[in-house]
Amino acid sequence: MKSQRIAVAGGTGKLGRHIVEGLLEIKQQHGLTVIVLSRSPGPDISFAGCNAPVIAVNYENVDSIRNVLNDYQIDTIISTLVSLTPETFITSQENLLQAGLALPSFHRFAPSEFAVDSEQVSARVNLYRMKIPILRTLERVKRERPDSFEYTRFNCGIFANYLAFGNTKPEGHKAHGHLARFPFVFDLSKRTAEIPGDGEKQTVYTRVEDVGKFVAAATQLETWEEYNEMAGDVLTMNEVIRISEDVCGAKFNVKYYSREDILAKMSQLSENVMEHFYWEFYLAYVNGDCDIKRPINLNKMVDIKPVGVRQFIEQWWG
Ligand SMILES: NC(=O)c1ccc[n+]([C@@H]2O[C@H](COP(=O)([O-])OP(=O)(O)OC[C@H]3O[C@@H](n4cnc5c(N)ncnc54)[C@H](OP(=O)(O)O)[C@@H]3O)[C@@H](O)[C@H]2O)c1
């Protein structure tokens with residue numbers, strides 16, 4: 001059954017806000033109710049002439065969440081939560097789900113995935129290990145309620161917006177959407193790239209604005225498959241370099257990191273969590289944990305025309 005009354009947990013955040021905006025864009029067309037769950041009250045999120053109220057919940061308290069979900073008769077919860085503390089993250093998502101399951105109106109849940117398959121990389125990427133427990137709970141709930149409950153893992157690869165880091169276009173900040181600005185693998189402003197492996201593995205890139213549109217469109221599907229894989233583009237990192245060189249009109253300085261190079265780098269890291277995340281991702285990448293193992297099914301099921309990598313690079317570097 002299509003989603004009608006949707007709560008986005010963490011919808012004030014970087015990705016979450018794009019999903020809220022994607023939903024607000026189709027709100028009138030489909031008569032949706034969209035609310036944002038947050039740890040603190042805040043002003044409504046407005047987009048495309050529509051609003052979503054931001055409602056405070058205590059993620060440690062199932063009753064606090066359930067009361068809000070009940071007030072709005074929520075049928076679908078999309079989690080875009082993040083925490084660097086595993087216990088907090090795991091408990092928050094678990095409590096969200098339990099609060100939903102207590103209501104007859106509720107029938108859909110999407111955990112905070114939105115990258116590469118967390119299950120594939122969790123052995124090596126520490127921050128993604130905390131994404132696994134909710135998947136086990138969701139599998140169990142689905143077994144218990146096969147006809148009345150659905151969940152899906154939205155995978156979108158790497159946000160293509162990071163390719164715009166350092167662009168000097170007059171409105172260049174718009175390239176990042178609501179995301180933080182940093183270079184990831186490629187730094188087009190310096191004409192450099194640090195590539196895990198030989199750069200020949202295929203990788204999914206999706207602009208965060210398009211992730212918002214894909215997820216919003218997926219709420220209007222009658223059924224949810226366990227995986228909803230979306231892509232703005234599927235390219236090898238070497239192909240991204242060739243496009244970047246072509247558009248920038250300059251040869252890039254490219255460093256390739258073998259598994260041994262990466263392990264050597266990891267042995268010298270500081271305590272910085274994000275630094276570890278970066279190199280753990282590199283290790284997962286060379287080990288094949290990030291390989292694309294399923295078809296890009298969501299692109300075929302919804303009518304969204306995402307921006308491809310060449311188009312994106314031409315827009316911000318051409
Ligand atoms: N594909 C990619 O390239 C890529 C890149 C980055 C992230 N991601 C994924 O996208 C998802 C969202 O990431 P994001 O960077 O958009 O998240 P974020 O903006 O850092 O955080 C999302 C929201 O989580 C809530 N939050 C923060 N700390 C919390 C805590 N301790 N307990 C409960 N809620 C907390 C906050 O909302 P309130 O303050 O309103 O409560 C925050 O706005 C994650 O699954 C992440 O792995 C993917």
Exactly one condition in (1) more than 9 Å from the ligand (Cβ to nearest atom); (2) assigned to a loop (DSSP other than H, G, I, E, B); (3) aliphatic (A, V, I, L, M); (4) more than 22 Å from Arg5 (Cα to Cα) is false for Leu103; which is it? (4)
So the helices (runs of 4 or more DSSP H) completely within segment 170-276 holding 3 or more residues that are aliphatic (A, V, I, L, M) and in contact (Cβ under 8 Å) with a residue 60 or more places away in the chain are 208-218, 237-248
Picked from segment 146-169 (must be more than 20 Å from the chain's Cα centre (by Cα) and without any contact (Cβ under 8 Å) to a residue 40 or more places away in the chain), the residue most open to solvent (accessible area, probe 1.4 Å) is Asp147
Subset of segment 112-145 [in contact with an Asp or Glu (Cβ under 8 Å, 6 or more places away or on another chain) and either of a type in the set (Phe, Trp, Tyr) or open to solvent by less than 10 Å² (accessible area, probe 1.4 Å) (or both)]: Val121, Val125, Ile134, Leu135
Checked pairs for segment 113-129, first farther than 12 Å from Asn155 by Cα and near the ligand (Cβ under 8 Å from one of its atoms), second hydrophobic (A, V, I, L, M, F, W, C) and not in a helix (DSSP H, G or I), C-beta under 8 Å and 6 or more apart or across chains, list as Leu127/Leu84; Tyr128/Ala115
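Specify the residue that is farthest from Val247 (Cα to Cα); the eligible residues are those in segment 180-193 that are surrounded by 19 or more Cβ atoms within 10 Å (Cβ to Cβ) and of a type outside the set (Gly, Ala, Ser). Steps first, please.
Of all residues in segment 180-193, those surrounded by 19 or more Cβ atoms within 10 Å (Cβ to Cβ) come to 185-188, 193.
Going one step further and asking which of them are of a type outside the set (Gly, Ala, Ser), we end up with 185-188.
Numbers: Val185: 18, Phe186: 14, Asp187: 14, Leu188: 10 Å.
It comes out as Val185.
The values are calculated or read from the model by the stated rules, or taken from the named source; none is laboratory data. Quantities reported herein were computed from a predicted structural model and do not represent experimental measurements. All Cβ positions, glycine included, derive from the backbone under ideal geometry; neighbour counts span all protein chains shown. Quick note on the areas: whole protein, heavy atoms, side chains included, nothing else; ligands and nucleic acids left out. Shrake-Rupley method; radii C 1.70, N 1.55, O 1.52, S 1.80 Å.
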